[in-house]
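Below is one structure; the comments refer to it alone.
The values are calculated or read from the model by the stated rules, or taken from the named source; none is laboratory data. Not measured: the values here are computed from a predicted model. All Cβ positions, even for glycine, are placed from backbone atoms using ideal geometry, and neighbour counts span all protein chains on display.
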Number of protein chains: 2
Amino acid sequence: MEFITGVKQKETVGIKQIAEGGMVGKTVKVNGAVHTIRDMGEVAFIILRKSEGLMQCVYEEGKTEFDLKELKEEAAVEVEGVVALEERAPQGFELRLTKIRVLSEPAEVLPLAISKWKLNTSLETKLSLRPVSLRNVRERAKFKIQEGIVRGFRDYLFTQGFTEVRTPKITAKGAEGGANIFKLDYFGKKAVLAQSPQFYKQMMVGVYDRVIEVGPVFRAEKHNTTRHLNEYTGLDFEMGYIDSFEDIMAMETGFLQYTMALLEKEYEKELKLLDITLPKVNEIPQVRFDKAKELVSEKYNRKIRNPYDLEPEEEILIGRYFKEEFDSDFVFVTHYPSKKRPFYAMDDPADSRFTLSFDLLFKGMEITTGGQRIHDYQMLLDKIAARGMETEGMEPYLMIFKYGMPPHGGLGIGLERLTMRLLDEQNVRETALFPRDLNRLEP
Amino acid sequence: MEFITGVKQKETVGIKQIAEGGMVGKTVKVNGAVHTIRDMGEVAFIILRKSEGLMQCVYEEGKTEFDLKELKEEAAVEVEGVVALEERAPQGFELRLTKIRVLSEPAEVLPLAISKWKLNTSLETKLSLRPVSLRNVRERAKFKIQEGIVRGFRDYLFTQGFTEVRTPKITAKGAEGGANIFKLDYFGKKAVLAQSPQFYKQMMVGVYDRVIEVGPVFRAEKHNTTRHLNEYTGLDFEMGYIDSFEDIMAMETGFLQYTMALLEKEYEKELKLLDITLPKVNEIPQVRFDKAKELVSEKYNRKIRNPYDLEPEEEILIGRYFKEEFDSDFVFVTHYPSKKRPFYAMDDPADSRFTLSFDLLFKGMEITTGGQRIHDYQMLLDKIAARGMETEGMEPYLMIFKYGMPPHGGLGIGLERLTMRLLDEQNVRETALFPRDLNRLEP
């Protein structure tokens, strides 16, 4: 009988292993995709693309056992060569090739030059060709950084005693209500796609006190904007035993501090590639919703049209205000009007027109909505009744309050928006691998 | 202006802080849910339920400033008391209460005794009351272990150079085809819920070489069994530059080894609570599909009815065989018949009736399907044609092969099934927080 005992050491080496030194003059095997071939006559530079980065290889006629004419860009190869120091090469070394073995060949030439530093094409084309346009090193660096944000979220909240959960995406009733719900037939029953894990994460606070979920969120929004997606990734947490809704903002600030440090340490290469300066997050100003509107109105000489809502232009100006006055890219806007928040939001006992809630703006765009939730059964029933809503279908949710819930609150962060702002992208589609919008269901 | 600077030290302490010592005789504040109240007259034992475990508190009339009659089970409280050693208490200490502050009260008494060691109720009732039945310490321990499995998956594969991605769940076409697809209307277009991230994770191999995804998977299976869910969590990975499909099995074995070690170290409390012995994973036998059928047929005197399929009973017997003969809970069954595998599976060049693929059986149940994929464009087109399939709608997927893909393969693990087998549960619904089946869409 044969047994599998785990991962074996491979013959091939990675960029990191070579860059760590001690390999100069040695013959190594490396695999990768042929990113570009620059034929100079007797010598050619072959750039290999690996997950870790680009690697310069030198082909020399007579020294490399291979006919260069047989090599295609985007072929997958395994090459053998001698490591040599070369300060002009991307990693400070190059590989003087002795052998090339083609593992797999493309059938056609790429429809866009992904080896260009910046993809010189429209967003539409880039998205339509996403399966290959992502091979561009700058494109893929964005999503590597996005990975880092998710790692930061999970890793930090683990240190804070949170438990990770996975809650259903096919549900019987939407959490937020409203029209932006995708509907489907579930074996003859009416079902919807989860607009948020809101009800479930609250249920789980009764179980683990503090929970996180990272998962898809579905919104059937009918508007096409640069900041909306119909499917996005929610970074959600919910925590029990809070003293006030400031605990939630403090936890988010902790997450941002941890994550920026993680990115700086482990995603340095990608940040450099994209020329990103990380924002300061040592302290984040907080301002009341009504106060924020006033400040902006005064400073930028703008009329307050609707005291109960923030227009996108106002968000941008609030962002500008706090950048100018406090050099902060972030600002917590607190105490949103009750009318603009879902029924489960805790009203401010000092003034029930407002709630103990907040948005976090990052460079003038909302990337988080959070707040304290109602934990008292009767208070929740009263608010549902006052809004003229039905409790029908909400029994599993209401159950947790009926049988006891601690004071709690939480938030949801839009991962793609946070990434978009961090990378100074102008369209949220740039920071979703395969974005879904009103017109785009593919790839 | 006020600023949020991060998480402040709380006044309350956790079980771990107290258990670490140095607090005996000191007065501490602790919060939690009132799990049980055992009133002995002048003294009462109040068990607090915290995320970390149960904590014994002693109420004494005259010494504790509170009227015990006012205290309800499932109330959220903050208590103050003096730490005292007490070896009969769950954590080796107890809290002699001086104060009790009620943070929140339930409106009604729980519909089932969640403080019982084992919930004495049917699975149906348990599931219907899931938002509160999960508060049972054994129930919640299961999902804590499930968290550990997911952590193990991600953490191990990060060490192996994988990148985590998030791919869309609303898509234009199903990956596996077939009838088990949930359909929905997407702004007037026909859309489906992803049956697997298969196509997308293959696309991402061209970008990052090695990728993982942990996310929901939707299957509109019309059968109600103890091992099927209509929404489950897929632990998926896909890796490029493989030398053979054994690389994939080796990687999975590495994941299992890492994860069992992680569970042993960081989830010891939960394993003990559920009385779980972790399986040995130092080596996992591999056997060909046809050979496995033969072995089982001979040993258990069973006729081979269909040489091209494994019946669930056969899976159980294969599991039994490898337990008896090799003391292994796991077995890789390799070289599944081509007819039973999707079009993208790589046929065995030595015998194209079979594929370079495998299932991993755990205690006689399939928990993983994986294998090498076709990476050559023409080979893929030929196989699609040979199966009488259409390429229409598959262009974004086919694009990656047209423009070059390395040899690659991967797998998908059913998280709930893996958890089910690890915990020796008899129904996969036991290991999904909020299971979805033919009849169950709530809670």
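Looking at segment B:82-114 only, could you name the residues that are over 15 Å from B:L54 (Cβ atoms) and either among the β-branched types (V, I, T) or touching a Ser or Thr at 6+ places or on another chain (Cβ under 6 Å) (or both)?
Selection gives B:V82, B:V83, B:L97, B:T98, B:I100, B:V102, B:V109, B:L112.
Taking segment A:14-45 on its own, how many of its residues are away from every other protein chain (no Cβ under 12 Å) and not polar (S, T, N, Q)?
Taking segment A:14-45 first, the residues away from every other protein chain (no Cβ under 12 Å) are A:18-28, A:36-45.
Filter again for not polar (S, T, N, Q), leaving A:18-26, A:28, A:37-45.
So the answer is 19.
If A:I248 passes every condition in (1) more than 26 Å from B:F187 (Cβ to Cβ); (2) touching a residue at least 60 places away in the same chain (Cβ under 8 Å); (3) in contact with a helix residue (DSSP H, G or I) (Cβ under 8 Å, 6 or more places away or on another chain) but one, which one does it miss?
(3)
Among the residues of segment B:171-183, how many are hydrophobic (A, V, I, L, M, F, W, C), at the interface with another protein chain (Cβ under 8 Å from one of its Cβ atoms) and surrounded by fewer than 20 Cβ atoms within 10 Å (Cβ to Cβ)? Write out each step before concluding.
Of the residues in segment B:171-183, the ones hydrophobic (A, V, I, L, M, F, W, C) are B:172, B:175, B:179, B:181-182.
Add one more test, that the residue is at the interface with another protein chain (Cβ under 8 Å from one of its Cβ atoms), and what stays is B:172, B:182.
Checking the rest, the ones that are also surrounded by fewer than 20 Cβ atoms within 10 Å (Cβ to Cβ) come to B:172.
So the answer is 1.
Looking only at segment B:27-42, how many residues end up being β-branched (V, I, T) and either at pLDDT below 95 or exposed (fewer than 15 other Cβ atoms within 10 Å of the Cβ) (or both)?
First, the residues of segment B:27-42 that are β-branched (V, I, T): B:27-28, B:30, B:34, B:36-37.
If we keep only those that are either at pLDDT below 95 or exposed (fewer than 15 other Cβ atoms within 10 Å of the Cβ) (or both) too, we end up with B:27.
Residues that pass the stated criteria total 1.
With the structure loaded, tell me whether B:K293 is over 22 Å from B:F237 (Cβ atoms) and outside any loop (DSSP other than H, G, I, E, B) or whether it fails that test.
Numbers: over 22 Å from B:F237 (Cβ atoms): yes; outside any loop (DSSP other than H, G, I, E, B): yes.
Yes.
If you scan segment B:309-327, which residues turn out to be within 15 Å of B:N282 (Cα to Cα) and crowded, with 21+ Cβ neighbours inside 10 Å?
Going through segment B:309-327, the residues within 15 Å of B:N282 (Cα to Cα) turn out to be B:322-323, B:326-327.
Hit for segment B:309-327 is B:F322, nothing else.
Every residue in segment A:124-162 that is without any contact (Cβ under 8 Å) to a residue 60 or more places away in the chain, under 28 Å from B:Q195 (Cβ atoms) and among the β-branched types (V, I, T), please.
Correct list: A:V132 only.
Which one is modelled with the highest pLDDT among residues in segment A:98-133 that are out of contact with any Phe, Trp or Tyr (no Cβ under 7 Å at 6 or more places or on another chain) and surrounded by 22 or more Cβ atoms within 10 Å (Cβ to Cβ)?
Residue satisfying both the conditions and the ranking: A:P131.
Looking at (1) more than 11 Å from every other protein chain (Cβ to nearest Cβ); (2) closer than 18 Å to B:K116 by Cα, find the lone condition where B:Y59 falls short.
Among (1) more than 11 Å from every other protein chain (Cβ to nearest Cβ); (2) closer than 18 Å to B:K116 by Cα, B:Y59 violates only (2).
Take A:I367 and tell me if it is crowded, with 24+ Cβ neighbours inside 10 Å and either among the hydrophobic types (A, V, I, L, M, F, W, C) or closer than 30 Å to B:V102 by Cα (or both). It would help to see each step written out before you state the result.
On the way: crowded, with 24+ Cβ neighbours inside 10 Å: yes; either among the hydrophobic types (A, V, I, L, M, F, W, C) or closer than 30 Å to B:V102 by Cα (or both): yes.
Yes.
Could you list, in sequence order, the residues of segment A:184-204 that are within 10 Å of another protein chain (Cβ to nearest Cβ) and under 30 Å from A:G161 (Cα atoms)?
Residues satisfying the conditions are A:L193, A:A194, A:F199, A:Y200, A:Q202, A:M203, A:M204.
Report yes if B:R421 is closer than 23 Å to B:E213 by Cα and more than 13 Å from chain A (Cβ to nearest Cβ), otherwise no.
Values: closer than 23 Å to B:E213 by Cα: yes; more than 13 Å from chain A (Cβ to nearest Cβ): yes.
So B:R421 fits the description; yes.
Wholly within segment B:162-240, which strands (runs of 3 or more DSSP E) include no fewer than the required count, namely at least 2 residues that are in contact with a helix residue (DSSP H, G or I) (Cβ under 6 Å, 6 or more places away or on another chain)? Show your work before the answer.
On the way: elements: B:183-186, B:189-193, B:210-218, B:231-240.
Per the criteria, B:210-218, B:231-240.
Among the residues in segment B:77-86, are any in contact with a Gly (Cβ under 6 Å, 6 or more places away or on another chain) and either closer than 21 Å to A:K402 by Cβ or of a type in the set (S, T, Y) (or both)? Step through it out loud before you land on a result.
Initial filter on segment B:77-86 (in contact with a Gly (Cβ under 6 Å, 6 or more places away or on another chain)): none.
No - not one qualifying residue is present in segment B:77-86.
Limited to segment B:216-268, what total is found for residues that are charged (D, E, K, R), within 17 Å of the chain's Cα centre (by Cα), under 19 Å from B:N427 (Cα atoms) and facing another protein chain (nearest Cβ under 10 Å)?
1
For residues that are out of contact with any strand residue (DSSP E or B) (no Cβ under 7 Å at 6 or more places or on another chain) and surrounded by 13 or more Cβ atoms within 10 Å (Cβ to Cβ), scanning just segment A:280-290, find the one that is farthest from the other protein chains (Cβ to nearest Cβ).
To start, the set of residues in segment A:280-290 that are out of contact with any strand residue (DSSP E or B) (no Cβ under 7 Å at 6 or more places or on another chain) comprises A:280, A:282, A:290.
Subsequent filtering for residues that are surrounded by 13 or more Cβ atoms within 10 Å (Cβ to Cβ) retains A:280, A:290.
Working: A:K280: 12, A:D290: 15 Å.
Restricting to residues being out of contact with any strand residue (DSSP E or B) (no Cβ under 7 Å at 6 or more places or on another chain) and surrounded by 13 or more Cβ atoms within 10 Å (Cβ to Cβ), the top hit is A:D290.
So which of A:L48, A:L95 is buried (at least 17 other Cβ atoms within 10 Å of the Cβ), away from chain B (no Cβ under 13 Å) and closer than 28 Å to B:I400 by Cα? Before you say what the answer is, go through the steps one by one.
Numbers: A:L48 fails: away from chain B (no Cβ under 13 Å).
Exactly one of A:L48, A:L95 is buried (at least 17 other Cβ atoms within 10 Å of the Cβ), away from chain B (no Cβ under 13 Å) and closer than 28 Å to B:I400 by Cα, namely A:L95.
Quick check, is A:G414 on the phi > 0 side of the Ramachandran plot and either touching a Gly at 6+ places or on another chain (Cβ under 8 Å) or facing chain B (nearest Cβ under 8 Å) (or both)? Working first, answer last.
On the way: on the phi > 0 side of the Ramachandran plot: no; either touching a Gly at 6+ places or on another chain (Cβ under 8 Å) or facing chain B (nearest Cβ under 8 Å) (or both): yes.
It is false that A:G414 is on the phi > 0 side of the Ramachandran plot and either touching a Gly at 6+ places or on another chain (Cβ under 8 Å) or facing chain B (nearest Cβ under 8 Å) (or both).
Restricted to segment B:328-362, and to residues that are part of a strand (DSSP E or B) and of a type in the set (G, A, S), which residue is surrounded by the fewest Cβ atoms within 10 Å (Cβ to Cβ)? Show your work before the answer.
Residues of segment B:328-362 that are part of a strand (DSSP E or B), as a first pass: B:330-334, B:337, B:345, B:347-348, B:351-355, B:357-362.
Filter once more, so that each one left must be of a type in the set (G, A, S): B:345, B:352, B:357.
Numbers: B:A345: 23, B:S352: 11, B:S357: 28.
For segment B:328-362, the residue satisfying everything is B:S352.
Identify, please: which residue in segment A:62-91 is closer than 17 Å to A:E11 by Cβ and among the β-branched types (V, I, T) and is, among those, farthest from the other protein chains (Cβ to nearest Cβ)? Break it down stepwise before answering.
Quick first cut of segment A:62-91, residues closer than 17 Å to A:E11 by Cβ only: A:76-83.
Still in the list and also among the β-branched types (V, I, T): A:77, A:79, A:82-83.
On the way: A:V77: 9, A:V79: 12, A:V82: 21, A:V83: 19 Å.
Filtering segment A:62-91 for residues that are closer than 17 Å to A:E11 by Cβ and among the β-branched types (V, I, T), the one farthest from the other protein chains (Cβ to nearest Cβ) comes out as A:V82.
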